[in-house]
Every structure is written in structure tokens, then in C-alpha cells.
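First comes the structure, then the notes that go with it.
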């Protein structure tokens with residue numbers, strides 16, 4: 001068995017002609033979609049309280065009072081759910097030298113000249129940006145959110161601190177929605193990506209094109225042992 | 001000091017109320033500002049500005065105002081505990097909209113000991129921070145006579161008003177999930193009566209009327225106080241919030257904060273202004289542009305996986321699995 005550097009132990013080539021690669025196990029996918037559901041609920045209820053023009057979104061939750069109490073609980077649920085994602089995905093999202101090269105060649109990424117790009121492991125810099133953006137912003141939103149949760153923590157912080165917490169919460173919320181948009185955009189724009197989170201598999205061509213080092217490592221790991 | 005029928009607001013709290021039933025004379029038709037773009041009257045009546053004047057120098061700390069407030073608003077404050085101070089309850093609560101705050105002040109100039117007793121409660125700002133912070137349309141309104149009122153049926157209980165208020169007045173009810181504060185007895189004013197606290201005050205330390213009359217009364221009181229050695233006596237009508245419809249006569253108007261933390265120069269916090277000012281439209285614009293831009297790019301371009309890619313993949317996998325692969329061609333770029 002060759003050592004693993006770019007892949008999870010559960011990643012494997014499940015079929016060779018044509019090549020099909022397992023990218024996410026069921027647990028990770030359920031974890032992902034639960035987080036996504038929480039995110040959407042939070043985004044809609046949060047937007048409703050962010051701008052008066054969007055207050056009508058509270059109707060989705062049965063009124064302003066419901067949106068108000070639901071939002072923080074879902075926030076806690078998302079934080080716990082994301083922690084699950086974090087523990088599974090963090091180590092392959094650590095930035096590497098080739099990410100710098102990839103970032104310098106971002107125009108080649110957009111124009112599809114991927115032969116000019118370095119070979120990559122399981123994640124490229126854009127995916128890592130989404131991962132760490134989500135991580136830090138969720139952390140900030142969680143902390144500032146608890147400071148604002150006066151139903152249960154009325155005495156936790158002073159009014160002056162809570163004002164800052166609310167401002168930080170609003171700005172971070174806008175930023176995380178931008179990260180969310182980038183995430184969805186990238187999933188759709190890069191054809192062949194979405195099946196990774198639906199069926200758990202991606203095609204060999206997709207892996208070869210975008211994550212060749214990952215594919216190469218998986219193939220090596222599954223090298224047939226010479227007959228003895 | 002009359003209750004003339006054409007009068008839009010009562011001019012005093014001490015006049016006896018009319019005995020015949022009256023229609024409410026204050027409502028949606030008088031709303032000039034409403035939180036989060038809530039409905040305002042199209043052509044509101046230009047009601048006379050009202051004000052409550054609290055003459056701190058006349059207050060004896062009897063708490064009749066608190067009792068009257070509880071009675072009129074039918075609130076149910078908890079039975080308190082004595083921790084050795086006169087404040088009771090110890091802070092404003094969702095069931096106690098007004099509170100006598102007691103300060104023992106050693107006057108360094110005269111060497112005298114002074115009781116500073118201030119009736120705390122909503123100041124009814126001309127520029128209310130609560131209304132600015134509120135995200136629920138129509139939950140906080142301002143009438144053309146200056147009263148700032150919380151409309152509980154529109155309140156969602158988020159408590160943003162608590163952060164918006166420069167005076168630390170609104171209190172969230174943990175059972176009703178709405179925020180409560182002094183209404184300036186808008187429901188009494190609506191039928192030609194002054195606030196319950198002013199009605200009950202035995203020394204007329206609390207008076208109520210038009211803001212003009214109250215300012216004039218305050219001037220008389222200040223002149224009197226100055227003649228008795230209070231050189232710094234003055235009116236507290238802080239301009240940082242555009243003035244208030246609850247004003248104090250203070251014998252030490254140069255140091256409001258000695259009256260149990262009355263803000264020296266209250267104004268809506270810059271943080272709240274930043275949050276409710278540029279952040280809202282900029283945030284919506286950023287999200288909107290990003291969403292439209294991303295949708296357009298995804299619609300017109302696409303990173304595609306070709307059959308050649310699939311063939312390359314199959315070849316790579318086959319070679320690597322067999323172990324016959326050449327050393328990485330560009331593996332460590």
C-alpha cells in the first residue's frame with residue numbers, strides 16, 4: 001500500500017472502464033446536505049431581519065416571531081454539523097505550494113486552459129477558499145450570534161459590545177453568502193462536480209482534468225500486487 | 001389649563017379628565033415614522049409636541065409614579081428583595097417601565113451630601129435609536145406629537161431596539177417575547193389625559209403638557225434654582241438625539257452622569273448607524289451582484305469534461321494500477 005497524501009482512505013476507484021471514482025461516502029454527503037439545509041434556513045431568516053425589503057421572507061417560517069427564535073437554534077445546528085464536515089475535510093484542505101501556482105494561473109482556470117495548471121490533489125485553491133471561508137465566518141457568526149441571543153444570554157455582554165456583535169454578524173453574514181454563491185457557482189460551472197455530493201462519485205475524466213494527483217494516488221493505492 | 005374639545009393633546013396632567021366617554025384621538029393617522037419601512041400616515045395631523053418634564057429638585061422619591069405606572073399599564077412586577085438600596089425593583093424590567101434611581105452624592109464643591117433621585121424611563125427621543133434599529137415593520141412608531149410607541153403585535157422580540165437605545169431603556173419580556181417600555185401613556189394622551197405618573201406625583205415634580213409650555217416651566221424652575229445657589233441648574237433636553245419628549249430639570253445640569261449614569265451626551269451609537277446605514281444597502285448590493293454575475297457566467301460558460309479527458313483518465317488509471325507508469329510528468333509543478 002502506498003502512502004496517502006492527497007486522498008481520504010474512503011476515496012477509491014470503483015470502476016475502470018469508464019473510470020468512476022468514489023469521492024464522498026454517504027455519511028459525508030448527509031452531513032453536507034444537512035449543513036446546506038441549515039444554511040438556507042439561516043440565510044432566508046437572516047435576510048428577513050437584515051433588510052426591511054426582505055422582511056416578507058419571515059412568512060416562510062410563519063411570521064417574524066418564528067423566524068426570530070428559529071434562526072439561532074438552526075445556527076447552533078449548523079455549527080455542530082459543520083464541525084462534522086470540518087473534522088472530515090480539514091486535513092486535505094490545508095494550503096500547499098501548488099495552490100499558489102494555481103492562483104497565479106486563475107485566468108487559465110476560467111478560460112479552461114487547464115494544461116497550464118499544476119496537477120492538484122483532492123481540492124484546488126478555490127475549494128479550499130470556500131472551506132476556510134466557511135470555517136472562519138461560521139466561527140465569527142457563532143460567537144457574535146450568541147452575544148446577540150438575548151432570549152437566553154441577556155447578560156452575557158454589555159450593550160456596547162452587543163452593538164459591535166450585531167454589526168460583525170451582519171457583515172460576516174453578507175460575506176458567507178458571497179462564499180455560498182461562489183460554492184454553488186463553482187459546483188455548476190465545473191461540469192461533473194455535483195454528482196460528488198449526490199451519488200458520491202465523479203467521472204475519471206473530471207478527476208483527470210481537475211484533480212490528477214488525487215486520481216493518480218488512488219490508482220497507485222489500488223495497484224494490483226504482483227503474483228507471488 | 002383647559003380641556004377644550006378642539007385641543008389635540010392635553011395640556012396638563014393635573015386637570016381632571018373629562019367624564020364623558022371619548023374616542024381615541026391618537027392612532028395610525030398620526031404616525032410620522034415607523035420602524036423598518038412600516039406604514040406611516042399619508043397626511044398626518046400636525047399634533048402639538050408634547051413633553052413630560054421631570055423636575056429632579058422637587059422629587060421626594062415616594063415612587064407614586066412607579067405605582068401609578070404599574071396600575072395604569074396593568075403590569076405585574078415580581079415581589080422584590082431588599083439588598084440595602086432604595087431602588088425597587090433594582091432595574092427597569094418588562095413589567096416596570098419607570099424607576100426611581102437613587103444616588104448619594106457628596107458634592108465636592110460645597111461638602112454637602114445630596115440625594116439625587118431621578119425617575120428613569122423612556123425619553124421619547126426625537127431621533128429614536130430603537131426605531132432605527134428595529135427590523136420589524138411597524139413595531140416601533142413615532143406619532144406627530146412626539147410619542148415613541150412600541151406596537152407589540154408587530155414586535156418579533158429580537159431585542160435590536162435594546163442595542164439601538166442610547167439610554168438603556170427597553171426590556172425584553174421572557175414570557176411574552178416582546179419588548180416593553182414607557183408609552184408616555186399614549187393611550188391616556190389619546191383620550192385627553194396626561195401620563196399616569198404625572199397624575200400621581202404628589203409634588204408635581206412630574207408635569208406634562210406641550211413641549212413649549214414645559215420648556216417655559218423648566219426655565220422658571222431653573223431661574224428659581226439658580227437664585228438658591230444652584231448655579232449649574234439647567235434643562236436636560238439632549239440635542240444629540242434631536243431633543244427628547246421627556247425632559248429633566250437638573251440642579252447639576254453640567255454633570256448629568258452623576259444622576260445614576262444619565263448620559264452626558266447621548267446619541268445613536270456610530271456602530272448602530274453603520275449597521276443600519278451603509279451596511280444594509282451595500283450588503284444587499286454585494287449579494288445581488290454576485291448572484292447575478294455568477295448565474296450569468298454559469299449560464300454562458302462552462303468548464304466541460306471531454307471524452308478525451310475520460311480516455312486520458314482510463315489510460316492513467318490503467319498504467320498506475322499496473323505499475324508501469326512513467327515517473328510523474330508534471331506531478332510536482
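Since every read-out is calculated from the coordinates, none of them should be taken as a lab result. These numbers were taken from a predicted model, which means no experiment stands behind them. All Cβ positions, glycine included, derive from the backbone under ideal geometry; neighbour counts span all protein chains shown.
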Can you tell me, using C-alpha contacts under 8 Å and at least 6 residues apart, the relative contact order of chain A as a whole percent?
31
0 to 90° range, to nearest 10: angle between helix B:64-73 axis and chain B longest Cα axis:
60
Please give the FRET efficiency for residue A:222 paired with residue A:139, using the beta carbon to beta carbon distance and R0 = 41 Å, rounded to the nearest 0.05.
0.65
I'd like the orientation of helix B:280-300 relative to chain B: the angle between its Cα long axis and the longest Cα principal axis, in ° from 0 to 90, rounded to 10.
20
Can you tell me the orientation of helix A:212-221 relative to chain A, as the angle in degrees between its alpha-carbon axis and the longest Cα principal axis, to the nearest 10?
60
Would you mind checking segment B:179-199 for residues with the amide N under 20 Å from a putative spin-label position 7 Å along Cα→C-beta of residue B:24?
B:179-197
If each residue's Cβ is checked for other Cβ atoms within 10 Å, how do B:160, B:105 rank with the fewest at the top?
B:105, B:160
Can you tell me the length gained on complete extension of the stretch residue B:71 to residue B:176, counting 0.36 nm per residue apart and subtracting the Cα distance?
35.9 nm
A chain fully extended from residue A:87 to residue A:111 at 0.36 nm per residue, minus the present Cα-Cα distance, gains in nm 5.3 nm
7 Å from Cα along Cα→Cβ at both residue A:44 and residue A:29: what's the point-to-point distance in nm?
2.4
Mean projection area, nm², convex hull over Cα of the protein assembly as shown
34.5
Going by C-beta contacts inside 10 Å, put B:210, B:227 in order with the fewest on the left.
B:227, B:210
Quick shape check on segment B:276-322: root eigenvalues a ≥ b ≥ c of the Cα gyration tensor, a/c under 1.5 is rounded, otherwise prolate if a/b tops b/c, else oblate, and it reads oblate
Give me Rg/Rg_expected for segment B:180-333, where Rg uses Cα atoms only and Rg_expected = 2.2 N^0.38 Å with N residues.
2.41
Placing one identical point scatterer on every Cα of segment B:131-219 and ignoring solvent, what is log10 I(q)/I(0) from the Debye formula at q = 0.15, 0.21, 0.25 Å⁻¹?
-0.67, -1.07, -1.24
Can you give the helix-only mean residue ellipticity at 222 nm for the protein assembly as shown, where every DSSP H stretch with n ≥ 4 adds -39500 (n - 2.57) and the sum goes over all residues, rounded to the nearest 500 deg cm²/dmol?
-13000 deg cm²/dmol
